[in-house]
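Undergrad: Quick one: this structure, given as C-alpha cells, is what I'll be asking you about.
The values are calculated or read from the model by the stated rules, or taken from the named source; none is laboratory data. All of these numbers come straight from a predicted model, not from anything done at the bench. Every residue, glycine among them, receives a Cβ derived from its backbone with ideal geometry; neighbour counts consider all protein chains shown. To get the accessible areas, we keep the full protein, side chains included, count just its heavy atoms, and leave off ligands, DNA and RNA. Shrake-Rupley method; radii C 1.70, N 1.55, O 1.52, S 1.80 Å.
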Amino acid sequence: MSTAPVPDRTVYRLAGLTCADCAARFERKLKEYPGVIDATVNFGAAKVTITGTPPPVEVINELGAFDNIRVDEGALGRAVPGGVADATSESPAGAPAGAAPGAEQPPWWAAPTTVLTGLSGVLIAVAFGLQWLTGRGVAGQGVAAAPESLIVGLYLLATLAGGWRAGRQGLRNLTRLEFDMNTLMTVAVMGAVGIGYWEEAAVVAFLFGVSDTLSEYSIERARRSLRSLLELAPREAQIVRDGREQTVPVEDVQVGDLLLVRPGEKIAMDGVVESGSSSVNEAAITGEAIPVAKEAGAQVFAGSINGEGALRVRVSKLAQDTTLAKIIEMVEEAQEQRAPMKAFVDRFARYYTPAVMAAAVLITVMPPLLLAAPWQPWLYRGLSLLIIACPCALVVSTPVAIVTAIGNAARNGVLIKGGVHLENLGSIRAIAFDKTGTLTEGRPRVTDIDVLAGAGLGDERQALGSGDDLQGLEPGDGGDGTASGASPAARLAVLAGIESRSEHPLAAAIVTALADRNINPAEVDDFRALPGKGAHALYRGQRYYAGNVRLFEELGVNLDQARPLLDQRHGEGKTTVLFGTPSEVLAVVALADHVRDSSRWAIDRLGEAGVTRTIMLSGDNEATARAVAQQVGLAEYRAELLPEDKVAYVKALVEQHQRVAMVGDGVNDAPALATATTGIAMGGAGSDTAIETADIVLMGDDLTKLPYAVRLSRKTLAVIKQNIAFSLIIKALAVLLVFPGWLTLWLAVLSDTGATVLVVLNSLRLLRVGER
C-alpha cells in the first residue's frame with residue numbers, strides 16, 4: 001500500500017514582526033500564494049513555517065512589506081522532505097529547525113526608527129519654542145519674529161521624520177485598500193495636514209514613532225528569553241575521532257562519538273559519561289542550580305555546564321535530537337498554539353475594526369450632510385476615530401503574555417506545551433498525584449523478606465535479613481518436584497526468576513535484594529505479566545505467582561496464615577509482594593519507598609496558590625497509601641487502584657471540578673495524564689516519552705516546580721485579563737470622547753499606541769515571577 005508523500009516544510013526567521021494583527025495578515029497573504037499548502041506565523045518566536053513550495057525570499061519580503069516584515073537573512077532555513085527546515089551551520093548547538101539567531105541587531109537606540117523619532121521630537125521642540133517666543137512678544141524687544149513658514153516647515157519635517165516608516169507602509173497599503181494601524185495613521189496625518197493642523201500632524205507622527213519604538217523594544221525583550229535558550233549550547237564540540245582530537249560543528253557530531261568536556265566548559269551533546277567524574281550544573285535543562293555529581297554511566301545533557309573535573313562522554317543523540325533541542329522546539333510550538341482567550345480576542349477584533357471604521361466615516365459625513373454642520377470639525381473627529389480603529393493593544397494582549405510566561409517557565413525547568421495548557425493550569429482547583437515516583441522517590445527498597453511455614457520448614461516463618469548468607473542452600477524439592485516444600489533459598493530463587501522477567505519497579509528492587517543475599521534467579525517458563533496485579537510463570541511444571549494481595553484473593557488463596565504479617569507490614573506503611581502457588585502463600589516481601597523531602601512543602605504551597613483539593617491515587621494497599629498521605633499532608637487518597645481505576649477517578653474529578661491536573665511519571669500514568677485537563681509529567685530530563693505525552697513537563701525530578709508553575713499560570717491569566725480589560729476600556733473612553741469633540745489626534749494616538757506599549761510592559765512583569 002502506497003502512502004502519500006509528506007509535503008516539505010520550511011522555516012524562516014522573521015525580522016520586523018512587532019504587530020500581532022499584522023502577523024495574522026501576513027500569514028493570510030502567504031497562504032494565498034501559489035504552491036503554498038499552509039503557512040503558520042509564530043508571533044512569539046518571530047518565525048514562519050511554510051508547508052509546500054515556499055515563495056522566494058524576495059516575494060516573502062514583498063508580501064510582508066505592508067508592515068516591514070521580512071526574512072532575517074542571517075537565519076535562512078532549507079527544506080527537508082516531509083520535515084521542518086534545517087538550520088544552517090550558523091545555528092547554535094541543539095537548536096531546532098531554522099533556529100539561527102540571525103544577524104547581529106543594532107542596539108535599540110541606534111535603530112533607524114529610534115533615530116528618526118528622536119529627530120522628530122527635536123524638530124517639534126524647536127517649533128514649539130519658536131512659537132512660544134513669538135507669542136511672548138520677544139520680537140518687539142529686538143528679536144525678529146519667527147516666520148510662520150519656518151514653523152510650518154519644522155512641523156512638516158517633524159511629521160516626515162516621525163511618520164516616515166509608518167507613512168511609507170501606510171501609503172502602500174492605501175493603494176491596495178488594506179487597512180491596518182499604519183494606513184489609519186497615515187490617513188489621519190494627511191487629513192490633519194490637509195486642514196492645516198500642522199502641530200497635530202507632527203505630534204501624532206512623533207507619538208506613533210515613540211510607541212513604535214517602545215513596542216519593538218518591549219516585544220524583543222519578551223522574545224529574548226527564548227533566544228537565551230537558543231544560545232545555551234556551544235556550536236562546536238571537541239571529539240576524539242580516528243584516534244585524534246578535533247573540533248567540529250555540533251551538526252557533524254555522530255551518535256557514538258567520544259566527546260571531550262574540560263572543566264568549566266558547556267557540554268555540547270547529550271550522552272553518557274564514559275570516564276571521569278565532575279559536578280554538572282543542569283539549570284538549563286532542569287532549572288535546578290545545584291550541581292549534580294556525574295561519574296561513569298551517568299547521563300549528561302547538552303547546554304549544561306561542567307564543573308571541576310574533565311569528562312569523556314559517549315554521544316547518544318544528534319544535535320537536533322538533544323533534550324535541549326526538544327525543549328526549544330516544544331517552547332516554540334507552544335507559542336504557536338491559540339489559547340482560548342486569544343481565540344476570543346481574534347473573533348472580537350474581526351468585527352470590531354470594520355465597525356469602528358464605518359463609524360468614523362459616518363461621524364465625518366452625516367452631521368454636515370444632515371445637519372448642515374461645518375465639515376472641518378467633524379472631519380477632525382472622524383480622523384481621530386480612525387486612529388483608534390486598529391485594535392493593536394487588544395490583539396497583542398494575549399500572545400505577548402503567553403510568550404513571556406512560557407519562556408520564563410522554560411528557563412526555570414518547566415516545559416509548558418501551549419497557551420491552552422497555561423490557561424488551564426491557571427484555573428485548576430484540583431490536582432491528583434500518583435504516589436510512586438511523584439510524591440515518593442520512586443526507588444523502592446526491600447526492607448523485609450519473610451518465608452512462611454511450609455512442608456519441611458516447621459511451623460514458624462523465617463525472616464531473612466540483608467546479612468543472611470543462603471549461598472549453601474541450593475534449590476531442592478519437597479517431594480513433588482516443586483519449590484513448595486523446598487528450602488527458603490529454593491522458594492526465593494523461583495521468586496527471583498519471575499521478577500527478573502518483569503519490568504515493574506518493585507520487581508527490580510526484589511531481584512537486587514535477593515542478589516544481595518546470594519540468591520540467583522531460577523529458570524522459569526511461560527512468564528506472563530498481570531498489569532496492576534503482578535506476574536506468574538511455570539517452574540518444574542508448577543504455576544507460581546508474585547503479586548499483590550488482590551491477585552491472591554482473586555486466586556482464592558487462604559491468607560489467614562499471612563494476614564497478621566501483612567497487617568503488620570502495611571501498618572508500617574510498607575508495600576508487600578506475595579509469592580506462592582494457587583493454593584498457598586510461600587513468602588512475603590516488604591518494600592518501602594521514601595517520601596520526597598519536597599512533597600509536603602509542595603502540597604502546602606499549592607494550597608497557598610489556590611488549589612483547593614489535592615488527592616493521591618495509588619495502586620498500593622490502603623495502609624501504605626494512608627501512611628504516605630499522612631507524611632505529605634494529604635487528607636484525601638485512593639488506594640489499590642488499577643490503571644483503569646485511576647482513569648475513571650480522574651474522569652469523575654473532571655466532571656466535578658471541570659479542570660483537573662494529574663501529576664505522574666509520564667509513562668506508567670499516561671492514560672490518567674491524557675484523561676486530565678492538564679497532564680503533568682515528573683522528571684522529563686532525558687525522557688522523550690514524558691516530553692511527548694504530557695501537557696506540562698517538570699524537567700527536573702523536583703516537585704517544588706509545580707507550585708511555581710501554578711503561580712505563574714494564575715499570574716498569566718490575571719495579566720491577560722488585565723490587558724484585555726484595559727484595552728477595551730481605553731477604546732471605549734476614546735470613542736466616547738469623539739462625539740463632544742474632546743478627542744484630539746494626539747490623544748487618539750496615545751489611547752491606542754500608548755495602550756499597546758502598556759499592555760506589553762504589563763506582560764513583561766511575568767518575567768519576574770520566580771520560585772520561592
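Undergrad: Which is open to solvent by 20 Å² or more (accessible area, probe 1.4 Å), in contact with an Asp or Glu (Cβ under 7 Å, 6 or more places away or on another chain) and outside any strand (DSSP E or B), of Gly619, Gly610? Working first, answer last.
TA: Working: Gly610 fails: in contact with an Asp or Glu (Cβ under 7 Å, 6 or more places away or on another chain).
From the options Gly619, Gly610, the qualifying one is Gly619.
Undergrad: Identify, by number, the condition in (1) modelled with pLDDT of 50 or more; (2) open to solvent by 40 Å² or more (accessible area, probe 1.4 Å) that Glu499 doesn't meet.
TA: (2)
Undergrad: Can you tell me which residue is nearest to Gly442 (Cα to Cα) among those in the range 701-725 that are open to solvent by 10 Å² or more (accessible area, probe 1.4 Å) and not basic (Lys, Arg)? It would help to see each step written out before you state the result.
TA: Here is the first cut: in the range 701-725, the residues open to solvent by 10 Å² or more (accessible area, probe 1.4 Å) are 701-702, 704, 711, 714-715, 717-718, 721-722, 724-725.
Of the ones still in play, those that are also not basic (Lys, Arg) are 701-702, 704, 717-718, 722, 724-725.
Working: Asp701: 10, Asp702: 12, Thr704: 16, Leu717: 33, Ala718: 36, Gln722: 42, Ile724: 44, Ala725: 46 Å.
Going through the qualifying residues, I end up with Asp701.
Undergrad: Looking only at the range 62-96, count how many residues are at pLDDT 50 or above, open to solvent by less than 40 Å² (accessible area, probe 1.4 Å) and either in contact with a strand residue (DSSP E or B) (Cβ under 7 Å, 6 or more places away or on another chain) or within 27 Å of Leu232 (Cβ to Cβ) (or both).
TA: Number of matching residues: 6.
Undergrad: Could you check the range 518-567 and list, in sequence order, the residues that are open to solvent by less than 20 Å² (accessible area, probe 1.4 Å), assigned to a loop (DSSP other than H, G, I, E, B) and under 18 Å from Leu452 (Cα atoms)?
TA: Passing the criteria: Ile519, Val557, Leu559, Ala562.
Undergrad: I've got another one for you. Of all residues in the range 295-311, which are open to solvent by 20 Å² or more (accessible area, probe 1.4 Å) and within 25 Å of the chain's Cα centre (by Cα)? Break it down into steps so the answer makes sense when it comes.
TA: To start, the set of residues in the range 295-311 that are open to solvent by 20 Å² or more (accessible area, probe 1.4 Å) comprises 295-299, 305, 307-308, 310.
Answer for the range 295-311, where residues must be open to solvent by 20 Å² or more (accessible area, probe 1.4 Å) and within 25 Å of the chain's Cα centre (by Cα): Gln299, Ile305.
Undergrad: Quick one: count up the residues across the range 690-736 that are free of Cβ contacts under 8 Å to residues at least 12 places away in the same chain and in a loop (DSSP other than H, G, I, E, B).
TA: 0
Undergrad: Considering every residue within the range 153-161, establish whether at least one is modelled with pLDDT under 80 and open to solvent by 70 Å² or more (accessible area, probe 1.4 Å).
TA: To start, the set of residues in the range 153-161 that are modelled with pLDDT under 80 comprises none.
No: zero hits.
Undergrad: If the Cβ limit is 6 Å and pairs must be 6+ apart or interchain, which residue in the range 419-439 that is within 30 Å of Asn621 (Cα to Cα) pairs with which residue that is part of a helix (DSSP H, G or I) and open to solvent by 10 Å² or more (accessible area, probe 1.4 Å)?
TA: Arg429/His657; Ala430/His657
Undergrad: Scan the range 442-453 for residues that are open to solvent by 20 Å² or more (accessible area, probe 1.4 Å) and modelled with pLDDT under 80 and jot them down.
TA: Gly442, Arg443
Undergrad: Here is a further query. How many residues are closer than 19 Å to Ser751 by Cα and not aliphatic (A, V, I, L, M) when one looks only at the range 192-210? Give the steps one after another, and end with the answer.
TA: So in the range 192-210, the residues closer than 19 Å to Ser751 by Cα come out as 192, 199-210.
This time we only want the ones that are not aliphatic (A, V, I, L, M), so: 199-200, 206, 208-209.
Looking only at that region, the number is 5.
Undergrad: What are the pairs with Cβ atoms under 8 angstrom where one residue, in the range 362-375, is of a type in the set (Phe, Trp, Tyr) and the other, located anywhere, is open to solvent by 70 Å² or more (accessible area, probe 1.4 Å)? Sequence gap at least six, or different chains.
TA: Sorted first by the residue in the range 362-375, then by its partner, the list stays empty.
Undergrad: In the range 629-646, what residues are under 16 Å from Asn548 (Cβ atoms) and either outside any helix (DSSP H, G or I) or touching a Lys or Arg at 6+ places or on another chain (Cβ under 6 Å) (or both)?
TA: At the first step, the residues of the range 629-646 found to be under 16 Å from Asn548 (Cβ atoms) are 638-646.
Result: Arg638, Ala639, Glu640, Leu641, Leu642.
Undergrad: When the residues of the range 22-40 are filtered to those that are under 23 Å from the mean Cα position of the chain (by Cα) and open to solvent by 10 Å² or more (accessible area, probe 1.4 Å), which remaining residue is farthest from Pro112 (Cα to Cα)?
TA: Step one: of the range 22-40, the residues under 23 Å from the mean Cα position of the chain (by Cα) are 23-24, 39-40.
Now restrict to residues that are open to solvent by 10 Å² or more (accessible area, probe 1.4 Å): 24, 40.
Numbers: Ala24: 25, Thr40: 29 Å.
The selected residue is Thr40.
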